[in-house]
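What follows is one structure encoded as structure tokens, with my remarks underneath.
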Amino acid sequence: MAEKRWIPETLFDQLGFRMTFEVERVLYEMQTEHQHLVLFENKYFGKMLMLDGATQITKRDEFIYQEMMSHVPIFAHGRAREVLIIGGGDCGIAEEVLKHRSVERLTQVEIDASVIEFSKEHFPEFTRPVFADKRFESVIDDGMKYVAKTKRRFDVIIVDSTDPQGPGKVLFSQKFYAACKRCMTAGGAMVTQNGVPFFQPSELISSVRKFRGLFADAGCYVAAIPTYVGGHMTVGWASGNPKLRDTPVKTLAERYRKAGGFKTQYWTPEVHKAAFALPRFIADAVARAGKR
């Protein structure tokens, strides 16, 4: 009998440990122009996608990341009509965004066309409803170049990036955040994938410091995602309107009702509000980013 393959997450090699997943079967593996991609089945987490040795999505817990990256900024804003996603080629976040009736147009900018084609084949549960929605626009372009040149303006920008390595590195730069601010509406909100601060505090500190040089309000909120080992994942938060993060639970619940009360598995008005209450060590990291 052939020995089972195990695929390691190499994101924390420099810290001296790996998370390793047993492979039931490899569904797809390739080296694209931009990154190494592997999709496989694990008996507990189901279908798993890894890019350059970092877990991106699993069937078992994808709902947590996707709901918190999409519903928090949109419900906090309250009137988001134009939404931009940078990255997010699997279309999981796009599917959540399009559940909001208020959204008139969703633009997704993905650098790697092969990721879109791959997702259409392997994640049809996300891509089919998204590409069938007339409000959705798919753009194959470098996210940095897009936000620097577009004439469009967005109420919410969602940066669904990999960690700051390879093609995702520029999406953590001051230049990128400034370009995002340039194409945001007044009082808009931007959220970013900012890693697990127990292991990656510098990633959060660096991003919040850059936010604070550009936006009236900067910080983060948290979500617990099992496959993002290390406890809380932080979602970077930047807005021209400091009041958005303090939207009352009652208001969030009313906006949720008006949006149709669609099914969620993690997000609730109460969880939304509580997500901005940071554990002390994360709040200390944010404080180390300094003031605007």
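The values are calculated or read from the model by the stated rules, or taken from the named source; none is laboratory data. Since we're looking at a predicted model, the values are computed, not measured. Note: ideal-geometry Cβ built from the backbone for every residue, glycine included; neighbour counts use all protein chains shown. Remember, those area values only see protein heavy atoms, side chains included, never the ligands or the DNA or RNA. Shrake-Rupley method; radii C 1.70, N 1.55, O 1.52, S 1.80 Å.
Residue by residue, here is whether (1) surrounded by fewer than 21 Cβ atoms within 10 Å (Cβ to Cβ); (2) assigned to a strand (DSSP E or B); (3) out of contact with any Phe, Trp or Tyr (no Cβ under 9 Å at 6 or more places or on another chain); (4) modelled with pLDDT under 95 holds:
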{"residue": "MET190", "(1), (2), (3), (4)": "no, yes, no, no"}
{"residue": "GLY195", "(1), (2), (3), (4)": "no, no, no, yes"}
{"residue": "PRO226", "(1), (2), (3), (4)": "yes, no, no, yes"}
{"residue": "GLY230", "(1), (2), (3), (4)": "yes, no, no, yes"}
{"residue": "THR234", "(1), (2), (3), (4)": "no, yes, no, no"}
{"residue": "GLN265", "(1), (2), (3), (4)": "yes, no, no, no"}
{"residue": "GLY290", "(1), (2), (3), (4)": "yes, no, yes, yes"}
Which condition breaks for GLU62 when tested against (1) within 21 Å of GLU24 (Cβ to Cβ); (2) touching a residue at least 40 places away in the same chain (Cβ under 8 Å); (3) buried (at least 24 other Cβ atoms within 10 Å of the Cβ)? (2)
Close pairs from region 38-52: first in contact (Cβ under 8 Å) with a residue 24 or more places away in the chain and over 11 Å from VAL26 (Cα atoms), partner of a type in the set (Gly, Ala, Ser) and open to solvent by 20 Å² or more (accessible area, probe 1.4 Å), Cβ under 9 Å, at least 6 apart: LEU51/GLY166; ASP52/GLY166
In region 30-43, which residues are open to solvent by 10 Å² or more (accessible area, probe 1.4 Å), under 23 Å from the mean Cα position of the chain (by Cα) and modelled with pLDDT of 90 or more? GLU41, ASN42
Answer yes or no: is there a residue in region 238-251 that is buried (at least 17 other Cβ atoms within 10 Å of the Cβ), of a type in the set (Gly, Ala, Ser), modelled with pLDDT of 95 or more and assigned to a helix (DSSP H, G or I). no
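A quick yes/no check of all residues on (1) over 18 Å from GLN35 (Cβ atoms); (2) open to solvent by 50 Å² or more (accessible area, probe 1.4 Å); (3) acidic (Asp, Glu); (4) in contact with a helix residue (DSSP H, G or I) (Cβ under 8 Å, 6 or more places away or on another chain):
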residue	(1), (2), (3), (4)
PHE126	yes, no, no, yes
LYS134	yes, yes, no, no
GLY143	no, no, no, yes
ILE157	yes, no, no, yes
VAL170	no, yes, no, yes
GLN174	yes, yes, no, yes
What's the number of the condition THR107 fails, among (1) within 17 Å of the chain's Cα centre (by Cα); (2) surrounded by 21 or more Cβ atoms within 10 Å (Cβ to Cβ)? (2)
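In the set SER161, SER114, SER119, which member is under 16 Å from the mean Cα position of the chain (by Cα) and of a type in the set (Ser, Thr, Tyr)? If you could, list the steps in order and put the result at the bottom.
On the way: SER114 fails: under 16 Å from the mean Cα position of the chain (by Cα); SER119 fails: under 16 Å from the mean Cα position of the chain (by Cα).
Sole residue among the options that is under 16 Å from the mean Cα position of the chain (by Cα) and of a type in the set (Ser, Thr, Tyr): SER161.
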Exactly one of (1) under 26 Å from LEU27 (Cα atoms); (2) free of Cβ contacts under 8 Å to residues at least 24 places away in the same chain is unmet by GLU95. Its number? (2)
